[in-house]
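The values are calculated or read from the model by the stated rules, or taken from the named source; none is laboratory data. Everything quoted here is computed from the prediction, not taken from an experiment. Methodologically, a virtual Cβ is constructed for each residue, glycine included, from the backbone with ideal geometry; neighbour enumeration extends over all protein chains shown.
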Amino acid sequence: MIHHIEINVSNLNRTIEFWDWFLKELNYNVYQKWDKGISWKFENTYLVFVQTEERFLRADYHRSQTGLNHLAFHAGSKEHVDEMTEGLIKKGIPILYPDKHPFAGGKNHYAVFFEDPDRIKVELAAPSMSE
């Protein structure tokens, strides 16, 4: 089980605006908050977002480079994926792979894919028939 994941972000306020809705919909609650960071917790795992120091902001992140590719979360059902997809669209957040949605992960993988403000790919996946 993962204890926590910490991600440095380019704009903490923009990150909070983006992640607050999504994580609360998945039953995460704000766990810690300080001037340069925030975390949300669900059960024993928490996600931490910290403002990148000015001297490190010049290097852009891209998920295809070495490092984190994406974060994947469990959805309760296919209907939950659909509800969250609608919420993302209402917020103006583009859905990745729209021509393959909701099967961009394969014919037996029902999910929505999108990016956060720093272009970190996020996935919300429904339970598969084999789970």
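Numerical summary
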{"read-out": "Residue match in the range 41-57 (condition: under 14 Å from the mean Cα position of the chain (by Cα), part of a loop (DSSP other than H, G, I, E, B), within 24 Å of Asn11 (Cα to Cα) and not acidic (Asp, Glu))", "value": "no"}
{"read-out": "Scope the range 1-30; condition at pLDDT 95 or above, surrounded by 15 or more Cβ atoms within 10 Å (Cβ to Cβ) and over 13 Å from the mean Cα position of the chain (by Cα); matching residues", "value": "Leu12"}
{"read-out": "Those residues of the range 25-62 which are under 19 Å from Ile2 (Cα atoms) and free of Cβ contacts under 8 Å to residues at least 12 places away in the same chain, in sequence order", "value": "Val30, Glu43"}
{"read-out": "Residues being over 13 Å from Phe114 (Cβ atoms) and not in a loop (DSSP other than H, G, I, E, B) - total across the range 58-100", "value": "6"}
{"read-out": "Pick from the range 90-118, criterion over 14 Å from the mean Cα position of the chain (by Cα) and in contact (Cβ under 8 Å) with a residue 12 or more places away in the chain, ranking: farthest from Phe49 (Cα to Cα)", "value": "Asn108"}
{"read-out": "The range 75-99, residues that are loosely packed, with under 12 Cβ neighbours inside 10 Å and either of a type in the set (D, E, K, R) or touching a strand residue (DSSP E or B) at 6+ places or on another chain (Cβ under 7 Å) (or both)", "value": "Glu79, Glu86, Lys90, Pro94, Asp99"}
